[in-house]
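Enquirer: Here's a structure for you.
The values are calculated or read from the model by the stated rules, or taken from the named source; none is laboratory data. Nothing here was measured: the structure is a model prediction, and the numbers come from that model. Virtual Cβ from ideal backbone geometry, glycine too; neighbours counted across all protein chains shown.
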Amino acid sequence: MSVVESAMKRMWHRDLASDPTTHAWVLNLYRAGERHPQTVKDYFPHAHAPSAELAEKMRRHERDEERHTKMYTRAIEGLGELVIDLEGYDVFNEVIRDKTSASFAIADTDTADDKREKVAHFLAHAHFLEKRIARSLEFHVEACRLMRSDRVATVVESVLTDEIDHVAYTIDAARDLLTRKRAEEVIDLHRRGEAKANYAFSRHQVKTALSRFTAKLARSHKGAYALAGMIMLEAERRV
């Protein structure tokens, strides 16, 4: 990540954390990602994990997501704002899936090899999702501390600790399930899908913020955010 991009993200998170309404908005976005596995049937396919150890790691990961959803709910309510169940392009997981060609939904008719590869696809998907979210949470914790939103910072730091563990085990497991060549093909597919999704999701959220919260964002920052949105559109095309 470039120095300019890091500075822009810090500015963005500080602006959002500076007001309860915008702060709750971004926490609802984080919550939507944690809640997504509870709304679909193909996340955390632990029943098809080839080892008891991996199955338990996925079950623990699933429980973490459920716990994070509740933590974000309490944090939003603590700001005096509404908890909203978001959908579509307000859910990062959904955007990644839209930008990635592979499915990891497992059918009863799939062969053992097919099931193994789909588990690897899920783990690669989860890895890049969690890695991106972890980096975002790092910026957000910093912003919360600067804005003296210490209760939210504590929640985000706790989630971040779990996400770091998720990032590590998912990539290791994805590589262990397949041959080296096939694993790298699967991993690269999900890396590119997530990269495209990151630009698409971020651009959508910048556009939303500039439309909904124009009075709450620093006037001197709005032009930079609008320019960033245009840059992200071109960047997505180049991935």
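Enquirer: Return the residue satisfying two criteria in turn: it lies in the stretch 138-176 and is of a type in the set (S, T, N, Q) and out of contact with any helix residue (DSSP H, G or I) (no Cβ under 8 Å at 6 or more places or on another chain), and of such residues it is farthest from THR22 (Cα to Cα).
Expert: THR161
Enquirer: When you scan the stretch 84-99, do you find a residue that is of a type in the set (Gly, Ala, Ser), buried (at least 21 other Cβ atoms within 10 Å of the Cβ) and under 17 Å from the mean Cα position of the chain (by Cα), even just one?
Expert: No, the stretch 84-99 contains no residue that is of a type in the set (Gly, Ala, Ser), buried (at least 21 other Cβ atoms within 10 Å of the Cβ) and under 17 Å from the mean Cα position of the chain (by Cα).
Enquirer: In the stretch 34-80, what residues are in contact with a His (Cβ under 8 Å, 6 or more places away or on another chain) and more than 25 Å from SER103 (Cα to Cα)?
Expert: LEU79
Enquirer: Taking the condition of being of a type in the set (Gly, Ala, Ser), touching a residue at least 12 places away in the same chain (Cβ under 8 Å) and farther than 19 Å from ARG238 by Cα, how many residues in the stretch 168-225 meet it?
Expert: Qualifying residue count for the region: 6.
Enquirer: Quick check on this structure: which one of THR214, THR208, THR179 is surrounded by fewer than 13 Cβ atoms within 10 Å (Cβ to Cβ) and within 16 Å of THR22 (Cβ to Cβ)?
Expert: THR214
Enquirer: Further, regarding this structure: Looking at (1) among the acidic types (Asp, Glu); (2) at pLDDT 95 or above; (3) over 21 Å from the mean Cα position of the chain (by Cα), which is the one condition that is false for ASP108?
Expert: Of everything listed in (1) among the acidic types (Asp, Glu); (2) at pLDDT 95 or above; (3) over 21 Å from the mean Cα position of the chain (by Cα), ASP108 misses just condition (2).
Enquirer: In addition: Taking the stretch 46-55 as the region of interest, how many residues are assigned to a helix (DSSP H, G or I) and free of Cβ contacts under 8 Å to residues at least 12 places away in the same chain?
Expert: Adding up the residues that qualify gives 4.
Enquirer: Just one of (1) free of Cβ contacts under 8 Å to residues at least 60 places away in the same chain; (2) polar (S, T, N, Q); (3) surrounded by 18 or more Cβ atoms within 10 Å (Cβ to Cβ) trips up THR161, so point out which.
Expert: (3)
Let's see how each residue does on (1) part of a loop (DSSP other than H, G, I, E, B); (2) under 24 Å from ASP113 (Cα atoms):
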position: ALA32; (1), (2): no, no
position: HIS36; (1), (2): no, no
position: PHE44; (1), (2): yes, yes
position: LYS57; (1), (2): no, yes
position: GLU66; (1), (2): no, no
position: THR69; (1), (2): no, no
position: GLU81; (1), (2): yes, no
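Enquirer: Criterion first (over 23 Å from TYR225 (Cβ atoms), surrounded by 13 or more Cβ atoms within 10 Å (Cβ to Cβ), at pLDDT 95 or above and of a type in the set (Val, Ile, Thr)) does THR21 satisfy it?
Expert: When the stated conditions are applied, THR21 does not pass them.
Enquirer: Still on this structure, please answer the following. Among the numbered conditions (1) in contact (Cβ under 8 Å) with a residue 12 or more places away in the chain; (2) surrounded by fewer than 16 Cβ atoms within 10 Å (Cβ to Cβ); (3) of a type in the set (Lys, Arg), tell me where ARG35 comes up short.
Expert: (2)
Enquirer: Scan the stretch 137-158 residue by residue and report those that are touching a residue at least 12 places away in the same chain (Cβ under 8 Å) and either polar (S, T, N, Q) or within 24 Å of PRO50 (Cβ to Cβ) (or both).
Expert: Passing the criteria: SER149, SER158.
Enquirer: From the list ARG145, ARG191, ARG135, ARG151, which one is among the basic types (Lys, Arg), at pLDDT 95 or above, within 20 Å of ARG67 (Cβ to Cβ) and surrounded by fewer than 18 Cβ atoms within 10 Å (Cβ to Cβ)?
Expert: ARG151
Enquirer: If you don't mind, there's one more thing I want to ask. Pick from the stretch 192-239 the residues that are touching a Phe, Trp or Tyr at 6+ places or on another chain (Cβ under 8 Å) and outside any helix (DSSP H, G or I): which of them is farthest from ALA32 (Cα to Cα)?
Expert: VAL239
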